[in-house]
Amino acid sequence: ENENFHPTVKPTELMQYLIRLVTPKGGLVLDPFMGSGSTGKACEREGMNFVGIDEDAEYVEIARRRIIGVAPLFAEVQ
């Protein structure tokens, strides 16, 4: 269920560090090529707002599951 086979997956901790460098607390991060959702997961952990876009429905579903893992209420915001 939590399998992530995206070819360029990034460590969530790296994405947390990068968004803290450039995004004010509570800011908005746009990821137009979200893939498996590492940036979205990092945003949830850091208290940032997030908009993610991807054309591959399979990756969108992986990202949704990963983000729900750190923000269960996200499941209700579809």
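The table that follows gives values for the structure above.
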item: Accessible-area value, GLU58, 1.4 Å probe, nucleic acids and ligands omitted, Å²; result: 110
item: With DNA, RNA and ligands ignored, accessible area of LEU30 (1.4 Å probe; Å², nearest 10); result: 110
item: TYR59, TYR17, reordered so the largest accessible area comes first (probe 1.4 Å); result: TYR17, TYR59
item: Rounded accessible area per residue of the stretch 37-77, 1.4 Å, Å²; result: 54
item: Environment charge at TYR17 (Cβ cut-off 14 Å; Lys +1, Arg +1, Asp -1, Glu -1); result: +2
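The values are calculated or read from the model by the stated rules, or taken from the named source; none is laboratory data. For clarity, every value in this text was computed on a predicted model and none was experimentally measured. FYI the Cβ positions are ideal-geometry reconstructions off the backbone, even for glycines, and counts take in every protein chain you see. Surface accessibility is based on the protein's heavy atoms, side chains included, excluding ligands, DNA and RNA. Shrake-Rupley method; radii C 1.70, N 1.55, O 1.52, S 1.80 Å.
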